[in-house]
Amino acid sequence: MQIQIGMTCTIDKILQDAKTLLERLKDHDNAAESLIDQSSSLHKRVANMKEVGTSLPDKYQEDLAQLKDTTKYKPHVLLCQENTQIRDLQIENKGNMLCIAELWLSLEEHQYALELIMSKYRRQMLQLIANKKPAPAEPVLEAHENYATVSFIAMLLFKVFTCPPLKMYC
């Protein structure tokens with residue numbers, strides 16, 4: 001049974017169009033519900049972020065307060081503070097370099113003493129192997145004593161002329 005309305009409109013076509021529109025409406029309804037769900041979850045996340053932002057730990061609150069205090073100063077004042085910090089670090093670095101130099105001198109003295117001991121040991125071992133009379137050790141001991149006094153004087157002079165007074169670095 002076909003009733004024609006107009007030239008190309010039939011009841012079947014109207015029913016078919018109505019079904020299509022109903023399906024589209026259902027799709028749009030589902031999409032709207034999905035958007036509502038997404039927006040509510042996004043709203044909850046934003047609320048949580050705001051809550052976390054207002055309840056920062058004390059450490060961060062102090063850092064934030066310090067940051068606000070530093071923004072009050074002019075750049076010139078901040079640069080002066082940084083310059084004094086850099087100067088302090090340079091002084092500390094110089095002190096550390098002096099300690100390294102002292103350690104280097106001490107290492108050289110110990111190496112020399114170890115070389116002296118090892119040379120004397122080798123000589124005595126060779127004498128024991130060869131069953132010879134021990135060679136005199138006085139010239140070697142004199143050389144070592146001379147070197148020790150010279151290096152001690154050099155270290156004292158180094159300390160006097162390079163180490164700043166009243167401040168210990170090592």
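Any read-out appearing in this document is the output of simple, stated calculations on the displayed coordinates, not a laboratory observation. Because the structure is predicted, anything quoted here is derived from the model rather than measured. Virtual Cβ from ideal backbone geometry, glycine too; neighbours counted across all protein chains shown.
Quick notes
- Karplus (6.51, -1.76, 1.60) ³J(HN,Hα), θ = phi - 60°, over the stretch 46-51, in Hz, Gly and Pro reported as x: 5, 5, 5, 5, 5, 5
- Cα-projected label distance for ALA47 with MET97, points at 7 Å along beta-carbon direction, nm: 6.2 nm
- Mean Cβ neighbour count within 10 Å, used as a protection proxy, ranking 100-107, 19-26 highest first: 100-107, 19-26
- With K and R counted +1 and D and E -1, the other residues having a Cβ less than 14 Å from that of THR149 yield a net charge of -3.
- Extension reserve of the SER106-ASP63 stretch, reckoned as 0.36 nm per residue once the Cα distance is removed: 11.0 nm
- Cross-link reach list, aspartates and glutamates versus LYS19, counting only Cα pairs under 13 Å and skipping chain neighbours closer than eight places: ASP27
- Cross-link partners for LYS13 among the aspartates and glutamates, with Cα-Cα distance under 16 Å and sequence neighbours closer than 8 places in the same chain left out: GLU23.
- Backbone geometry of the stretch 24-40 corresponds, through the Karplus equation with coefficients 6.51, -1.76 and 1.60 at θ = phi - 60°, to 3J(HN,Hα) couplings of 5, 4, 4, 4, 5, 5, 4, 5, 5, 4, 4, 5, 5, 4, 4, 5, 5 Hz, x marking Gly and Pro.
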